[in-house]
Amino acid sequence: MLYLVPTPLGNLKDITLRAIEVLHQVDLILCEDTRTSSKLLQHYNIRKPLSPYHQHNEHKILAHLLDQLATGKTIALITDAGTPGISDPAFLLVRECIRHNIKTECLPGATAFVPALVNSGLPINRFIFEGFLPLKKGRQTLLKQLAEEERTMVFYESPMRLVKTLHEFIQYFGAERQSSISRELTKMFEENFRGTLQEVHNYFAEKTIKGEIVIVVQGKE
């Protein structure tokens, strides 16, 4: 059986009792970075074998993982933070498990875009999640399409690209479009800044930006 187990975004207390129970019981834990995951597992005294699973090796080790699952092993997949499969690898393994009649179960838990969206003050009855925009190919085409999107839009972005992306949003969506930036969610220096795209661009252009970023942008009126 394969368990998909969400892990805290930053605050180690943001993990469910069931997630801790599952991680104690499985035979193997797949994780993005064993160094990062070890901190969480040590905190909860979870001593299980760890194996790297990320976008650079997911195709290479897929057959081996399916063989282990088929022989009766129980495996948990976690990421550095949040729910596996949300802008992190998981789809390929889940799809193949389903094809091979291997039971999969995803536990509920932390996902960065949910608190950022709810806390944005923008309409959340209808929204779209775009994750990370393409870096090059297809980026402009997608931005042109999103300029006509009427639902609230949610994006992930890295600190080093935030200001550039906000500048592009101003170009395609308009400077007065309302937005919200959430940074370092659940951590000591969590920050939520709201305003027009121009206002948030000006604010972050003057700062040294660190941490994971969620951008929420109002849809076209």
Original post:
At Ser87 and Lys48, where each label point lies 7 Å from the Cα along Cα→Cβ, what is the point-to-point distance in nanometres?
Top reply: 2.6
Subject >> Stretch gain in nm, segment Thr186-Lys103, where the contour uses 0.36 nm per residue and the Cα spacing is subtracted >> reply: 26.7 nm
Original post:
Roughly what would the spin-label model give for Asn125 and His64, points 7 Å off Cα along C-beta, in nm?
Top reply: 5.1
Subject >> Residue-span extension gain [Glu176 to Leu12] - 0.36 nm each, minus C-alpha spacing >> reply: 55.3 nm
Original post:
What does the charge dipole of the chain about its Cα centre add up to, to the nearest 20 debye, if the Cβ of each Lys and Arg holds +1 and the Cβ of each Asp and Glu holds -1?
Top reply: 320
Original post:
In deg cm²/dmol, rounded to 500, what helix-only [θ] at 222 nm does the chain give when every DSSP H run of at least 4 residues adds -39500 (n - 2.57) and the total is split over its residues?
Top reply: -9000 deg cm²/dmol
**OP:** Could you state the accessible area per residue of the chain in Å², with a 1.4 Å probe and every protein chain left in place?
**Re:** 54
Original post:
Using the scaling law 2.2 N^0.38 Å as the reference, what is the normalised Cα Rg of region 67-221?
Top reply: 1.19
Original post:
What length, rounded to one decimal in nm, is gained on full extension from Thr74 through to Met1, with 0.36 nm per residue of separation minus their alpha-carbon distance?
Top reply: 25.8 nm
Original post:
When only Cα pairs under 8 Å and 6 or more residues apart are kept, what is the percent relative contact order across the chain?
Top reply: 22
Original post:
When the accessible area of the chain is split by element with a 1.4 Å probe, what percent falls to carbon and sulfur?
Top reply: 51
Subject >> Count of Lys pairs (Cα-Cα under 16 Å; at least 8 positions apart or interchain) in the chain >> reply: 12
Subject >> Whole-Å distance, taken between Cα centres, linking region 107-165 and region 62-93 >> reply: 25
**OP:** May I ask you to list the GluC sites (Glu not before Pro) in region 68-153 that are in a DSSP loop and have at most 11 other Cβ atoms within 10 Å of their Cβ?
**Re:** Glu148
**OP:** Find out how many positive minus negative residues lie around Leu92, taking Lys and Arg as positive, Asp and Glu as negative, among other residues whose Cβ is under 14 Å from that of Leu92.
**Re:** 0
Original post:
Put a dot 7 Å past each Cα toward the Cβ at Gln55 and Lys137; how far apart are the dots in nm?
Top reply: 1.4
Original post:
Under the classification rounded if a/c is under 1.5, otherwise prolate if a/b is larger than b/c and oblate if not, where does region 36-80 fall, given a ≥ b ≥ c as square roots of the Cα gyration tensor eigenvalues?
Top reply: oblate
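The values are calculated or read from the model by the stated rules, or taken from the named source; none is laboratory data. All figures in this text were calculated on a predicted structure; none of them were measured in a lab. Please note: Cβ atoms are built from the backbone with ideal geometry, for glycine as well, and neighbour counts cover all protein chains shown. To get the accessible areas, we keep the full protein, side chains included, count just its heavy atoms, and leave off ligands, DNA and RNA. Shrake-Rupley method; radii C 1.70, N 1.55, O 1.52, S 1.80 Å.
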